[in-house]
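Below you'll find the structure, written out as structure tokens, and then a few comments.
The values are calculated or read from the model by the stated rules, or taken from the named source; none is laboratory data. A quick note: this is a predicted structure, and the numbers were derived from the prediction, not measured. In this analysis, Cβ positions are derived from the backbone assuming ideal geometry, glycine residues included, and neighbour counts consider all displayed protein chains. Heads up: the accessible areas ignore ligands, DNA and RNA and are worked out on the full protein's heavy atoms, side chains in. Shrake-Rupley method; radii C 1.70, N 1.55, O 1.52, S 1.80 Å.
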Amino acid sequence: MKLHLVLTISIVVLLAGTMAVAQEACDFTNVGKDMESAAAQGDWAAAYEHAQVIVAAQPDDLSTLSAEHQYFIGLAHAYMAAEVLDGVAEGVEGDRAEFVSQVMEAVRGSTADADIRTVSHGERVELEDYLVDGKTVLFDFTSKYCPPCEAIAPSLERLATEREDIVLVKVDINRPDVQGIDWQSPVVEQYGIRGVPHFKIFGPDGALEAEGGAARPMVINWLNELEG
């Protein structure tokens, strides 16, 4: 439901054409990643600034862009819509207030929680950028086309929600335009991923504690502890 709402907002804003912006050169990939990174860290002011750059450079014909670039443009519009609605949240009531609340939760809710983030979308990513001082960070290399990944996802999210000392960073190995597990994506090649789910665990001091087969028992033990 939330994803559907985000996509609907993005499409409406894209089609409305209410903002007249001058097109200029833009590295959609790098600016888009910076935008995602800022949002993941809850820095919405920075995310909004990156979104403005992306929207300003948006071409008239989106079909000329890659799926990833179109994704970043849609996401930028969603962030800008949230920024506008956030500014009027105190001035609306009734159904309008409920709509604003739903939009803010849909656009910012999934990343506002510092303990659960999704990064990469198939592209290279520096894990060190997502380490949190004093907390254990669990990187879950995953794909929506991987049944075991989808099966364990709710438990991992519950782990990050209930354990204040653990942060979950979901590394989506799939590029947006690839169907099936994307074994050729840049992030897969970057980290030599051969199977998913694949875990990397960094300790509170930022040092790598375990990965792959050595990390799996640690994760399973944490999940068993949740069940009491």
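Please return the longest range in the chain lying between exposed loop sites, taking chymotrypsin sites (Phe, Trp or Tyr not before Pro), DSSP loop only, at most 16 other beta-carbon atoms within 10 Å, and leaving the sites out. Here the longest run is 1-144.
Annotation for residue 129 and residue 145: the two label points, set 7 Å from Cα along the Cα-Cβ direction, are 2.4 nm apart. For segment 150-206, applying the loop criterion from DSSP together with a ceiling of 14 other beta carbons within 10 Å to the trypsin sites (Lys or Arg not before Pro) yields 194. Please report, to two decimal places, log10 I(q)/I(0) for segment 59-167 at q = 0.22 Å⁻¹ as given by the Debye formula with identical point scatterers on the Cα atoms and no solvent. Debye intensities relative to I(0), on a log10 scale: -1.21.
For the chain, the per residue solvent-accessible surface stands at 52 Å², with DNA, RNA and ligands left out and a 1.4 Å probe. Between residue 162 and residue 184, the C-beta separation translates, for a Förster distance of 25 Å, into a calculated FRET efficiency of about 0.10. Unpaired Cys in the chain, meaning no second Cys C-beta under 4.7 Å: 26.
Once each of the GluC sites (Glu not before Pro) sitting in a DSSP loop with at most 14 other beta-carbon atoms within 10 Å is removed, the chain keeps 25-92 as its longest stretch. Near residue 195: Cβ cut-off under 14 Å, other residues only, Lys/Arg at +1 and Asp/Glu at -1. The net charge is 0.
Here the accessible area of the chain is 52 percent carbon and sulfur, with a 1.4 angstrom probe and all protein chains present. In segment 147-224, one over the average inverse separation of all distinct C-alpha pairs is 13.7 Å, which is the Kirkwood hydrodynamic radius. Rounded to the nearest 0.05, the FRET efficiency derived from the C-beta distance between residue 95 and residue 45 at R0 = 30 Å is 0.55.
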